[in-house]
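Chemist: The structure under discussion is supplied below as structure tokens; questions concerning it will follow.
Please treat every number below as a calculation from the coordinates, not as lab data. Fair warning: this is a prediction, and the values are worked out from it, not measured in the lab. Cβ sites come from the backbone with ideal geometry, for glycine too, and all protein chains shown count toward neighbours.
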């Protein structure tokens, strides 16, 4: 620090916690203006995406030094060894192949042939029980520097009588130094989002509930089983997981869209979704071409300011036919509902029962309904999860 420093510790538990702490520091040191400052990023994917590496540190540009990470894993497949994935550190122009690549998740923290609950100074495992693992690695004696850019991932590979694809619950706190000012980081998720499904007792199995009755006149565009009635364009990844539609960026943060095979003119459509932030997505409607379409946005846009529920039109010079300026309407940690009503030239949008757009426009009178995954490392690894898509033709 150059002028001052402040350290705080927040107890977000429901009980008091006994605490001992010791802080060591020096003062009156002289540092160059471009000295690296401490950064940390928490990320969690519950579950991870099959055949896609878990991103511990999305791409950062400029100079820096990687310090290490705390890694938490909840094995969602008891009896299967989760840790065959390799640490990958891409830097300074790496494309398909990283400069640094490991030989297994447990090898990265200095262990071998599984986990041993043995904490050391710079590496080790401090918890390994009941399918939960907490481990760490600090690159203090073996610093890793980059000059232009860096990206750190952990491969998702398991072993069960052979190598196997897997999806588990991963979270990391990744630490590094880089000069300031630096690119902004996403906000820390709430304690509920960070701890969901952790140490919860399993409830007795229950018979699946019957699907809720549809409102009169409505049909389901997404059947909860597969992508029947939908077609993908671009290089984003679209899959059905646990009855939900999941969209993520493709390799190298590539974009893509998913559209209905059928077109619609006048209708009311309701979409129930949640997003993993940072996110730039949305619900396409009356889509005829990339310039002839509308989109109810799921995003945070700065110039001009616009938040989820805004009405975007790629053929309009001002981008947004209506901009939602109230970012509090979005539930960033849970489910949201976007409702779109298109009848004639009147276009209306609601986000969580609050109207965010009511305009008239004639650029597109009919077209497909769909979802977007936007390109860009600044949004990676974004995820859009759709639970239900209900349509009523008018």
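Chemist: Can you tell me, using C-alpha contacts under 8 Å and at least 6 residues apart, the relative contact order of the chain as a whole percent? Mind dumping the intermediate values first?
Modeler: On the way: 886 pairs, mean separation 67.9, N = 394.
Once divided by the residue count of the chain, the mean separation gives 17 percent.
Chemist: Treat each spin label as a single point 7 Å out from the Cα along the C-beta direction, and report the residue 335 to residue 129 distance in nm.
Modeler: 3.5
Chemist: Compute the distance from the alpha-carbon center of region 336-360 to that of region 212-285, in whole Å.
Modeler: 18
Chemist: Evaluate E = 1/(1 + (r/R0)^6) for residue 239 and residue 198, where r is the Cβ-Cβ distance and R0 equals 25 Å; express this FRET efficiency to the nearest 0.05.
Modeler: Details: r = 25 Å, r/R0 = 0.99.
So, using R0 = 25 Å, E works out to roughly 0.50.
Chemist: Further question: If I take R0 = 35 Å and measure r between the Cβ atoms of residue 113 and residue 76 in this structure, what FRET efficiency does the formula 1/(1 + (r/R0)^6) give, to the nearest 0.05? Walk me through the numbers before you get to the answer.
Modeler: Details: r = 22 Å, r/R0 = 0.62.
The formula returns an efficiency of 0.95 here.
Chemist: Taking 0.36 nm per residue of separation and subtracting the Cα-Cα distance, what length does fully extending residue 328 through residue 392 add?
Modeler: The span from residue 328 to residue 392 would gain 20.2 nm if fully extended.
Chemist: Order 317-328, 248-259 from most to least packed using the mean count of other Cβ atoms within 10 Å.
Modeler: 248-259, 317-328
Chemist: Taking a ≥ b ≥ c as the square roots of the eigenvalues of the Cα gyration tensor of region 30-123, is the shape rounded (a/c under 1.5), prolate (a/b larger than b/c) or oblate?
Modeler: Judged from the Cα gyration tensor, region 30-123 comes out prolate (a/c at least 1.5, a/b above b/c).
Chemist: Please work out the FRET efficiency for the pair residue 142 and residue 262, using the Cβ-Cβ distance as r and a Förster radius of 56 Å; give the result to the nearest 0.05.
Modeler: Values: r = 57 Å, r/R0 = 1.01.
Taking R0 as 56 Å, the efficiency between residue 142 and residue 262 is 0.50.
Chemist: Also: What is the distance in Å between the Cα centres of region 15-83 and region 148-187?
Modeler: 9
Chemist: What percentage of all Cα-Cα pairs in region 219-393 are separated by more than 27 Å? Can you show the working numbers first?
Modeler: Details: 2449 of 15225 pairs.
In whole percent, the long-distance tail amounts to 16.
Chemist: By how many nm would the segment from residue 272 to residue 101 grow when fully extended, if each residue of separation counts as 0.36 nm and the alpha-carbon distance is taken off?
Modeler: Values: separation 171, 0.36 × 171 = 61.56 nm, distance 3.91 nm.
Working it through step by step, the gained length comes to 57.6 nm.
Chemist: Per the Cauchy relation, a quarter of the hull surface: what is the mean projected area of the convex hull of the alpha carbons in region 319-394, in nm²? Could the numbers behind the result be given before it?
Modeler: Working: hull surface 25.7 nm².
Approximately 6.4 nm², given one-decimal rounding.
Chemist: How much space per residue, in cubic angstrom, does the convex hull of the C-alpha atoms of region 89-136 take up?
Modeler: Numbers: hull volume 4.4 nm³, N = 48.
Dividing the Cα hull volume of region 89-136 by its residue count gives 92 Å³.
Chemist: For each of 374, 139, 77, count neighbouring Cβ atoms within 10 Å of the residue's Cβ, then give the residues from fewest to most. Provide the component values of the computation, followed by the final result.
Modeler: Numbers: 374 22, 139 18, 77 15.
Placing the least packed residue first, the sequence is 77, 139, 374.
Chemist: Take peptides 284-297, 185-198, 351-364 and line them up by average Cβ neighbours within 10 Å, highest first, as a rough protection proxy. Mind showing how you got there, number by number?
Modeler: Numbers: 284-297: 20.6, 185-198: 13.4, 351-364: 15.9.
In descending order of packing, they fall as 284-297, 351-364, 185-198.
Chemist: Then there is this: In whole angstrom, how long is each semi-axis of the equivalent ellipsoid of region 134-283, when you take the square root of 5 times every eigenvalue of its Cα gyration tensor and sort them from largest down?
Modeler: Working: eigenvalues 266, 109, 62 Å².
Largest first, region 134-283 gives 36, 23, 18 Å.
Chemist: Okay, moving on. How far apart, in nm, are two points set 7 Å out from the Cα along the Cα-to-Cβ line at residue 289 and at residue 37?
Modeler: It works out to 4.7 nm between the two label points.
Chemist: Run through all the Cα pairs of region 37-195 and give the fraction in each 5 Å bin from 0, expressed as whole percent.
Modeler: 2, 9, 18, 22, 21, 15, 9, 3, 1, 0
Chemist: Using a basic spin-label model with each label point 7 Å from the Cα along Cα→Cβ, how many nm lie between residue 353 and residue 19?
Modeler: 3.8
Chemist: Starting from 0 in steps of 10 Å, tell me what percent of the Cα-Cα pairs of the chain lands in each bin.
Modeler: 4, 20, 28, 24, 16, 7, 1, 0
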